[in-house]
Amino acid sequence: MKIHFGGYGFQGLASIEYLGDFESESRMVLNGLAGYYVAVERAMGKKEALYRLSKFVDEFFVTLEVMDGGALSSKKIVSGKLERIRHCCIWSKSNHIYGIAARDSYLDGIAGETELSAEVFNLETRKVELIRDDMREVAAACISIPGLFAPYNDVYVTTTYLSQIPVSFLSEGDIVILNLRDLSTDKPSTASEVIFRAMEIRSLNYAKMILANSSCASVRVKTRVHSDNVFDYLDQVRRSV
Amino acid sequence: MIKALVLGGGGAKGFAHVGVIRALEEKGFVPDLIIGVSAGALVGAGYALLSDSKRLWEISLEICRKGKKQLRFANSAARENRGLLFNAATCFHINTFKALPFGLYLNALKKGLKGYRFSDTRIPFKCVSTIMDSGELFVHEEGSIFEALRASMAIPGIISPFSHKGFSLADGGIVNNIPVSIAKEEGCTLVLAVDLSSNNRKVGIDTSNSILEIIDVYKVEEFQRKELAVADVVISPLNKRNIGLLDFSSCIELMNESYEETLKFDLIGVSQ
């Protein structure tokens, strides 16, 4: 039995509150920021994992917020649009915003063998694969978020853009943490938001298509985490730790 | 036997459907139901209203000739070699306005469809769009044909979504670019699907946008594979050749090419 654990963007973090139910579980398939948290937690403990995750969110917040898509709040109409234009220009000529050194600073001290695995999309073979055995590689693969860093080992990106949650390697008896984003919360109002929404719809439908053909159990995540409440959410997790 | 013709989306490649329909009719295949998505919905609606592939061909030729002049904007947007200034302008545009200025073309479409309704079609017709708030498919089968096409053809980032019956609707191809399963659900016993997808576009991984495109195309191909697996006959008249979504410069060639390709297709047992 494996646990499939992760999610897209800030919403991915909402999986963390369900981790307590699977503390003794070593066979997990991970993606995204929540996957990174699990890898660090298993290698270095909860406090360090939460510290690094909070630092990561803080350092890359502007880019992660643009990736989060959705309508801009009235307070951020101008600054938000300028950031989107800046990111859009970079993304049309480069495959990352931050260099490898920035990513690797979040991998310091993570080592050892593991039964955890990270679900990745191989951009060269156009296939979904698992990165496994080495804890550092698993952690690195989980934060290989397209647009944030260049692909890991030049070809791997985490599958949060593909299916939001890791569902490509489901087996009978597995448990899926069903942490999908909610489309009904805001309406796209610009062309870029509509394009993003279309991609998101495809990701959701892709995950649902795979889940419909599996016999896995699922745990539905109810908490909604987005750019406006992510720091409050992390504070809440910190208090519970 | 209840025969359905399913016409997939493909932007400018949609003109290929006109050639396929003409060849199919000449081979004796006339559908009992037409289902289209995006450009396939536009051509499908035309065929459903006319029930005459030669007339559809003539009208399409006329549109192609006019389009070469009037769709200059779209043709220029389809050019491959775009500079940084174009990218920056596009980024600014799509973050500021709802969509690209396609209002002129939509008004022409509205005028051309003259208030036709689904009940006016000579061959039963349906088309699909995507509900943007839920990601589900919306099947249009009654009311104004223009409104249904407006929704089904609302390509994200190019034509803004359309509000209809309380839903925000956009291109059906977001979810299902070749809705064979809808024809099966309608009880059709023979489903002929026309697939205009491409598979040879070389996309590098040197930009974040191209990485997202690779992942997005992977999802679309998976959806497509699932749909085509339940079709009884699949015609790919362009042999998966890549043609830009907005490249209207070769519509007449596409019509001729797809006509010739479909004539070669073995339809024994299908066209009775």
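The values are calculated or read from the model by the stated rules, or taken from the named source; none is laboratory data. Here the structure is a predicted model, which is why all the values come from computation and not from measurement. Here Cβ is always computed from backbone atoms with ideal geometry, including for glycine, and neighbour counts include all displayed protein chains.
Based on this model, can you work out whether A:SER144 counts as at pLDDT 95 or above and of a type in the set (Ser, Thr, Tyr)?
yes
Within segment B:147-175, restricting attention to residues that are in contact with a Phe, Trp or Tyr (Cβ under 6 Å, 6 or more places away or on another chain) and within 11 Å of chain A (Cβ to nearest Cβ), which residue is surrounded by the fewest Cβ atoms within 10 Å (Cβ to Cβ)?
Filtering segment B:147-175 for residues that are in contact with a Phe, Trp or Tyr (Cβ under 6 Å, 6 or more places away or on another chain) and within 11 Å of chain A (Cβ to nearest Cβ), the one surrounded by the fewest Cβ atoms within 10 Å (Cβ to Cβ) comes out as B:ILE159.
So B:ASN209 clears everything in (1) over 27 Å from A:SER144 (Cβ atoms); (2) in contact with a Ser or Thr (Cβ under 7 Å, 6 or more places away or on another chain) except one condition, right? Which one?
Status for B:ASN209: all satisfied but (1).
What pairs can you find where one residue is in segment A:39-50 and buried (at least 21 other Cβ atoms within 10 Å of the Cβ) and of a type in the set (Asp, Glu), the other is modelled with pLDDT under 95 and not in a helix (DSSP H, G or I), and their Cβ atoms are less than 8 Å apart, with a gap of 6+ or different chains?
Taking only residues 6 or more apart or on different chains, not a single pair turns up.
Does B:VAL234 qualify as being among the aliphatic types (A, V, I, L, M) and either more than 11 Å from chain A (Cβ to nearest Cβ) or not in a helix (DSSP H, G or I) (or both)?
Yes; evaluated as a whole, the condition is true for this residue.
Please find, within segment B:126-146, the residue that is surrounded by the fewest Cβ atoms within 10 Å (Cβ to Cβ) out of those that are away from chain A (no Cβ under 14 Å) and within 14 Å of the chain's Cα centre (by Cα).
B:LYS126
Taking segment B:234-272 on its own, how many of its residues are buried (at least 17 other Cβ atoms within 10 Å of the Cβ), among the β-branched types (Val, Ile, Thr) and closer than 22 Å to B:PRO31 by Cα?
The qualifying residues number 4.
How about segment B:183-210: which of its residues are crowded, with 24+ Cβ neighbours inside 10 Å, in a helix (DSSP H, G or I) and more than 9 Å from chain A (Cβ to nearest Cβ)?
If the condition is that a residue be crowded, with 24+ Cβ neighbours inside 10 Å, in a helix (DSSP H, G or I) and more than 9 Å from chain A (Cβ to nearest Cβ), then B:ALA183 is the only one that fits.
Just name the residue that is farthest from the chain's Cα centre (by Cα) out of those in segment A:176-207 that are of a type in the set (Val, Ile, Thr) and more than 19 Å from B:ILE215 (Cβ to Cβ).
Only one residue fits best here, namely A:THR190.
Given (1) more than 17 Å from A:ALA102 (Cβ to Cβ); (2) within 14 Å of chain B (Cβ to nearest Cβ), identify the lone condition not met by A:MET135.
Unmet for A:MET135, out of (1) more than 17 Å from A:ALA102 (Cβ to Cβ); (2) within 14 Å of chain B (Cβ to nearest Cβ): (2).
Residues in segment A:4-25 that are within 14 Å of A:TYR37 (Cα to Cα) and either among the charged types (D, E, K, R) or part of a loop (DSSP other than H, G, I, E, B) (or both): how many?
Qualifying residue count, segment A:4-25: 5.
Among the residues of segment A:81-100 satisfying the criterion of being part of a helix (DSSP H, G or I) and among the β-branched types (Val, Ile, Thr), which is farthest from the other protein chains (Cβ to nearest Cβ)?
Checking each candidate, the answer is A:ILE100.
From the list B:PHE86, B:PHE15, exactly one residue is modelled with pLDDT under 95, assigned to a helix (DSSP H, G or I) and in contact with a Ser or Thr (Cβ under 7 Å, 6 or more places away or on another chain). Which is it?
Just a single option satisfies the conditions, and that option is B:PHE15.
Looking at segment B:101-133, which of the residues that are modelled with pLDDT of 95 or more and small (Gly, Ala, Ser) is farthest from B:LYS66 (Cα to Cα)?
Top of the filtered list is B:SER119.
Would you check which residues across segment B:109-157 are without any contact (Cβ under 8 Å) to a residue 24 or more places away in the chain and aliphatic (A, V, I, L, M) and list them?
Within segment B:109-157, just B:ALA151 meets the criteria.
Does A:ILE165 count as within 16 Å of the chain's Cα centre (by Cα) and not basic (Lys, Arg)?
Answer is yes for this residue.
Filter segment B:262-272 down to residues that are in contact (Cβ under 8 Å) with a residue 24 or more places away in the chain and either out of contact with any Gly (no Cβ under 8 Å at 6 or more places or on another chain) or closer than 20 Å to B:LYS66 by Cβ (or both), then give me how many there are.
Count: 3.
Looking at segment B:238-248, can you tell me whether even one residue there is more than 19 Å from the chain's Cα centre (by Cα) and either more than 8 Å from every other protein chain (Cβ to nearest Cβ) or in contact (Cβ under 8 Å) with a residue 40 or more places away in the chain (or both)?
No, segment B:238-248 has no match at all.
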